[in-house]
Each structure stands twice: as C-alpha cells, then as structure tokens.
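The values are calculated or read from the model by the stated rules, or taken from the named source; none is laboratory data. Quick caveat, the model's predicted, so the values are computed rather than measured. Cβ sites come from the backbone with ideal geometry, for glycine too, and all protein chains shown count toward neighbours.
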Amino acid sequence: MSPIQPGPGFDGELFHELVEPLLATGQAEEGTIMGFPCLRTTGGAFLAMAEYTTGDLIVKLPSSRVDALIEEGAGLPFAPAGRRFREWVRVPGRDAELWGALLDEARTFVEGGAA
C-alpha cells in the first residue's frame, strides 16, 4: 500500500470493516489512486476509499445520485485541489448501514450496472 500516512484525525475503522468481506470474497481488491489506498473492482475500476485525513467514505456513484446525497445532507462534494469530481461523493459520519448500501451501489455502478 501507499507510504503516505493518514492525517491525525483519520478514523478508517468502519471503512475497513465494511470492505473486508468484499476483499475476502474477491468482489473487490486493494489498489491506489492519487497515491492513496483505495478499493477497486477486480477489473481495476475505482470503487471507494477512506478520505486520507478523516476516514470519511469517498465513493463513486452516478452524478445524479451524488447530487441527491449532497442535497439530502448525507454527502459532501469531493473536490481535491479545488476540482470537483462529479461522480464522487464524500460521506462523513459513521453510518454502517448507509456506507454498506453506498458501497453496494458503487460496485454495481462501476461494474456497468444500474445503480
């Protein structure tokens, strides 16, 4: 994995707990993106990661779903270096049910299904 160390406020425990079954069953694999550890489909598509300073979930979803999560107050735009990624959303809080559902949605989306 990446030699980059997480920030002092990093709490990635829930993320790692939720992705472990995906890794164990071969539904996803570890990778890196922008130099940080992430979760990818077995075909190599970016799926999700724990934000490196907080551990918040960052997940790839259809842009309409990202917009809906932001409007509902469940998500925040993901805009590293000021550039917003329209298909990525940052989900703060530690809601295992929501995060698990979003990981499932993301896996379906990046594998080409309807999320």
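Please give the number of the condition Ser64 fails out of (1) in a helix (DSSP H, G or I); (2) at pLDDT below 95. Condition (2) is where Ser64 drops out.
Gly43 meets each of the listed conditions (1) surrounded by 12 or more Cβ atoms within 10 Å (Cβ to Cβ); (2) in contact (Cβ under 8 Å) with a residue 24 or more places away in the chain; (3) over 12 Å from the mean Cα position of the chain (by Cα); (4) under 18 Å from Arg107 (Cβ atoms) apart from (1). Just one of (1) in contact with a Pro (Cβ under 9 Å, 6 or more places away or on another chain); (2) at pLDDT 95 or above fails for Gly31. It is (2).
Kindly provide the set of residues from the stretch 97-115 that are aliphatic (A, V, I, L, M), at pLDDT 95 or above and surrounded by fewer than 19 Cβ atoms within 10 Å (Cβ to Cβ), ordered by number. Within the stretch 97-115, Leu98, Ala101 qualify.
Residues in the stretch 86-98: is at least one among the hydrophobic types (A, V, I, L, M, F, W, C) and either out of contact with any Phe, Trp or Tyr (no Cβ under 7 Å at 6 or more places or on another chain) or over 20 Å from Thr32 (Cα atoms) (or both)? Yes: one or more hits. Of everything in the stretch 63-80 that is surrounded by 15 or more Cβ atoms within 10 Å (Cβ to Cβ) and under 13 Å from the mean Cα position of the chain (by Cα), the residue that is farthest from Ala101 (Cα to Cα) is Phe78. Look at Glu71 and say whether it is without any contact (Cβ under 8 Å) to a residue 40 or more places away in the chain, part of a strand (DSSP E or B) and either charged (D, E, K, R) or more than 15 Å from Gly12 (Cβ to Cβ) (or both). In short, no.
Within the stretch 46-62, being closer than 16 Å to Asp104 by Cα and either out of contact with any helix residue (DSSP H, G or I) (no Cβ under 8 Å at 6 or more places or on another chain) or without any contact (Cβ under 8 Å) to a residue 40 or more places away in the chain (or both) holds for Met49, Ile58.
Within the stretch 35-61, take every residue that is part of a strand (DSSP E or B) and of a type in the set (Phe, Trp, Tyr) and give me the one that is modelled with the highest pLDDT. Checking each candidate, the answer is Phe46. Against the numbered list (1) under 20 Å from Gly113 (Cβ atoms); (2) surrounded by fewer than 15 Cβ atoms within 10 Å (Cβ to Cβ), Val89 comes up short only at (2).
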